[in-house]
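The values are calculated or read from the model by the stated rules, or taken from the named source; none is laboratory data. For clarity, every value in this text was computed on a predicted model and none was experimentally measured. We place every Cβ from the backbone using ideal geometry, glycine too, and count neighbours over all the protein chains shown. Just the protein is used for accessible areas: all its heavy atoms, side chains included, with ligands, DNA and RNA removed. Shrake-Rupley method; radii C 1.70, N 1.55, O 1.52, S 1.80 Å.
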Amino acid sequence: MGAEEQAVSGMEAKEAHTPKGGNRDCRDERHRLLYSYWRSSTAYRLRIALAFKQLPFELVPINLAQKQNLQSDFWGVNPQMLVPSYEEADFSLGQSMAILEYLDETCPQPPILPNDPKDRAYVRMLANVIACDIHPLNNVRVLNFLTDDLGISEQRKQRWYAHWISTGLKAFEDLLAKYGKDKAYCLGDSVTLADFCLIPQVYNATRFNCDLSDYPRVRSIAENCNLLPCFIDAHPDTQSDSTLFN
């Protein structure tokens with residue numbers, strides 16, 4: 001079954017992203033679909049990477065707020081019933097970190113991971129602070145379980161969110177300070193996978209009114225990244241479903 005035929009029932013690819021020129025290393029006929037929700041930080045990572053690599057794709061909006069991802073017909077897209085999900089004509093993937101590395105291996109220019117093994121490990125370490133330690137605890141389904149199933153108040157839910165943000169971003173800030181590799185971005189003047197993971201998490205933290213004053217390195221990197229076209233194009237507020245589902 002083709003990627004277009006697997007789109008969720010009642011939903012079509014709403015927005016084509018075709019960067020000028022495209023990626024010179026990937027000028028093929030592959031049709032890329034990204035199932036996304038405008039505020040999903042993991043989908044945000046993918047939008048940044050696709051824009052950074054100048055890879056054309058079609059975006060299929062999935063309304064997480066209305067639990068559209070839990071509809072039975074979405075199972076065929078991603079059995080985890082989560083976004084993002086990525087499809088080409090003969091291949092599909094869930095899990096943002098796997099998709100990011102797949103894109104880097106199949107369309108290597110410009111790279112999102114450095115060549116030096118130590119720098120690669122450093123970038124992966126920072127990315128995993130976000131992907132493994134912060135995001136899973138503050139994912140929307142976790143927050144919904146706290147309120148809907150455990151009866152936690154909105155105030156206590158916010159306290160939960162802020163605690164894990166502060167714990168994770170403090171570790172991120174301390175790692176930046178320890179290794180001293182950051183400059184404009186997490187790794188000197190090169191944009192990497194670590195930045196793709198960090199900026200969506202900073203966006204979420206700001207949206208939930210978390211105090212970021214103790215993380216000057218993180219804030220500086222976020223400010224620099226948010227000036228770049230790929231981050232601007234991928235920002236939640238620029239997505240078609242930001243007004244469709246808001």
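Which residue pairs have Cβ atoms closer than 8 Å, lie 6 or more positions apart in sequence or on different chains, and pair a first residue in the range 90-105 that is free of Cβ contacts under 8 Å to residues at least 12 places away in the same chain and closer than 14 Å to P79 by Cβ with a second residue that is of a type in the set (F, W, Y) and open to solvent by less than 20 Å² (accessible area, probe 1.4 Å)?
So the pair list comes out as L93/Y86.
Name the pairs whose Cβ atoms lie under 8 Å apart, with the first residue in the range 51-67 and under 12 Å from L103 (Cα atoms), the second among the hydrophobic types (A, V, I, L, M, F, W, C) and assigned to a loop (DSSP other than H, G, I, E, B), and 6 or more positions between them or separate chains?
F52/I112; F52/V191; K53/C107; K53/I112; L55/C107
Being not charged (D, E, K, R) and not in a helix (DSSP H, G or I): is that true of N115 here?
yes
Of all residues in the range 96-148, which are out of contact with any helix residue (DSSP H, G or I) (no Cβ under 6 Å at 6 or more places or on another chain), farther than 28 Å from R207 by Cα and exposed (fewer than 13 other Cβ atoms within 10 Å of the Cβ)?
Those that are out of contact with any helix residue (DSSP H, G or I) (no Cβ under 6 Å at 6 or more places or on another chain), farther than 28 Å from R207 by Cα and exposed (fewer than 13 other Cβ atoms within 10 Å of the Cβ): E105, N115, D116, P117, K118, A121.
Considering only helices (runs of 4 or more DSSP H) fully contained in the range 161-246, which possess at least 1 residues that are under 19 Å from I112 (Cα atoms), open to solvent by 50 Å² or more (accessible area, probe 1.4 Å) and in contact (Cβ under 8 Å) with a residue 60 or more places away in the chain?
Correct list: 229-234.
Out of (1) in a helix (DSSP H, G or I); (2) within 22 Å of the chain's Cα centre (by Cα); (3) not hydroxyl-bearing (S, T, Y), the odd one out for L146 is which?
(2)
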